[in-house]
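Presented below is the structure to which this report refers.
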Protein chains: 2
Amino acid sequence: MTTDLMTIREMCEAYDVTPRTLRFYESKELLFPIREGTRRLFTKRDRARLTLILRGKRFGFSLEDIRQLLDMYDRDGSQETQLRRTYDLARERLAAMETQRAELDVAIADLKDQLAWGEEMLARFASNAA
Amino acid sequence: MTTDLMTIREMCEAYDVTPRTLRFYESKELLFPIREGTRRLFTKRDRARLTLILRGKRFGFSLEDIRQLLDMYDRDGSQETQLRRTYDLARERLAAMETQRAELDVAIADLKDQLAWGEEMLARFASNAA
DNA sequence: CGTTACATTTACGTCAACGTCAAGCACTCT
DNA sequence: AGAGTGCTTGACGTTGACGTAAATGTAACG
């Protein structure tokens with residue numbers, strides 16, 4: 001292992017985020033890199049948190065939700081209360097995502113109908129032109 | 001038929017939108033109600049446009065996209081160029097929606113995995129407590 | 001010492017689609 | 001005339017997740 005500490009550039013490479021994003025997350029108290037003078041050094045812990053942040057974002061959690069969950073983990077270690085809270089939040093999110101999926105399905109089906117209609121019209125134009 | 005013209009309130013009732021929304025759409029040149037002094041009177045044409053606006057929104061088109069399409073229809077009457085443009089835009093949107101649905105599916109599957117994991121942990125805690 | 005290549009901070013800007021006042025006019029009822 | 005209601009305009013606020021600009025620092029290279 002090299003140093004176990006990573007600069008902001010290395011982090012950006014590794015996680016495909018911009019420096020602005022990492023500083024932003026720090027300002028929102030999602031990350032706590034070591035401040036070596038004016039520079040940042042990201043620890044293993046920061047990387048673990050960032051992984052969870054990015055995963056959470058994929059699931060559609062807000063940064064504020066994520067922050068609260070991470071903080072809970074920090075306080076409780078790995079106790080039941082926070083696990084249950086995480087679990088509940090995740091179930092809510094899942095429900096929301098499935099609702100969204102259903103709506104998207106309807107919209108897609110409708111749009112396909114409209115497309116069929118459009119093709120019909122185009123065909124009609126084509127035959128008129130011929 | 002009463003008057004073929006509707007007040008802002010009637011429009012709100014009929015389309016389940018707020019007055020603010022209608023004024024906003026007018027400011028964005030999506031609607032062109034008659035200005036009777038200081039008040040608005042929405043014509044059949046406005047209603048047709050609003051229907052298309054709301055439909056477009058359901059499909060995820062931006063208001064700007066919608067405005068451009070509506071303007072095209074106004075200019076071209078009902079010619080092939082605009083029909084094709086609409087058709088192409090709709091196909092793009094459909095592709096985007098299907099991509100989005102695929103990503104959502106992955107996220108849902110992942111989240112379900114995490115949930116299963118969470119249940120496992122909770123069960124472990126429960127048995128420890130017993 | 002100068003240049004290059006990063007790093008930092010602060011603060012304001014962005015995007016979408018409206019919401020939320022505040023303040024005033026227009027009309028009706030009494 | 002006063003009260004009440006509805007409609008108007010205009011400007012600023014909201015939300016989330018950063019982007020962008022400007023001014024400055026600092027570290028290593030040659």
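The values are calculated or read from the model by the stated rules, or taken from the named source; none is laboratory data. Keep in mind the model is a prediction, meaning the values are calculated, not measured. We place every Cβ from the backbone using ideal geometry, glycine too, and count neighbours over all the protein chains shown. Calculation scope for accessible area: heavy atoms of the full protein, side chains included, ligands and nucleic acids excluded. Shrake-Rupley method; radii C 1.70, N 1.55, O 1.52, S 1.80 Å.
Observations, loosely collected:
- Placing a pseudo-label 7 Å from each Cα along the Cα-to-Cβ vector at A:Ala116 and A:Tyr15 gives an inter-label distance of 4.7 nm.
- Fraction of accessible area attributable to carbon and sulfur, chain A (%, probe 1.4 Å): 51 percent
- Anchor B:Lys44: lysines whose Cα lies under 29 Å away (excluding residues fewer than 8 positions away in-chain): A:Lys112, B:Lys28, B:Lys57
- Whether the protein assembly as shown is rounded, prolate or oblate, judged on the alpha carbon gyration tensor where a/c under 1.5 counts as rounded: prolate
- Label positions at A:Thr81 and B:Thr81, each projected 7 Å from the Cα along the C-beta direction, are separated by 6.8 nm.
- Surface accessible to a 1.4 Å probe, per residue, for the residues of chain A, Å²: 63 Å²
- Options A:Ala14, B:Leu104, B:Leu5, ranked by Cα towards positive dipole end of the protein assembly as shown, top entry (Cβ charges): B:Leu5
- Selected from B:Glu36, B:Glu120, B:Glu98 as most flexible by GNM, with chain B as the system and alpha-carbon contacts under 10 Å: B:Glu120
- For the residues of B:84-90, the average number of beta carbons from a partner chain within 10 Å of their own beta carbon is 3.
- Rounded to the nearest 20 debye, dipole of chain A from Cβ charges on Lys, Arg, Asp, Glu: 640 debye
- The interface between chain A and chain B buries about 3200 Å² of solvent-accessible area in total (1.4 Å probe, ligands and nucleic acids excluded).
- Take every pair of alpha-carbon atoms less than 8 Å apart whose residues are at least six positions apart; their mean separation over the length of segment B:1-61 yields a relative contact order of 32 percent.
- Result for chain B in a Gaussian network model with C-alpha springs under 10 Å: among B:Ile108, B:Ile34, B:Ile66, the largest mean-square fluctuation is at B:Ile108.
- If R0 is taken as 25 Å, the Cβ-Cβ distance between B:Gln68 and B:Ser27 corresponds to a FRET efficiency of 0.95.
- Across the identical copies, how the B:Leu63 labels are spaced - nm, sorted shortest first, 7 Å along Cα→Cβ: 2.6
- The spacing between segment A:92-109 and segment A:30-84, judged by their C-alpha centroids, is 28 Å.
- Partner shielding of A:27-40 amounts to 0, given as the average count of beta-carbon atoms from other chains within 10 Å of each residue beta-carbon.
- Amide H contacts under 5 Å for A:Leu30, placed H, 5+ residues apart: none
- The protection proxy used here, the mean number of other Cβ atoms lying within 10 Å of each residue, ranks peptides A:46-57, A:12-23 as follows, highest first: A:46-57, A:12-23.
- Estimated FRET transfer efficiency when R0 is 30 angstrom, pair B:Ala48-A:Gln100 (beta carbons, to 0.05): 0.55
- Peptide A:105-111, shielding by other chains (average Cβ, 10 Å cutoff): 5
- Chain B shape via C-alpha gyration tensor axes, a/c threshold 1.5: oblate
- Nonlocal amide H pairs with B:Arg40, under 5 Å, H built at 1.01 Å: B:Ile8
- Over chain A, Cα pairs under 8 Å with separation of 6+ residues give a relative contact order of 15 percent.
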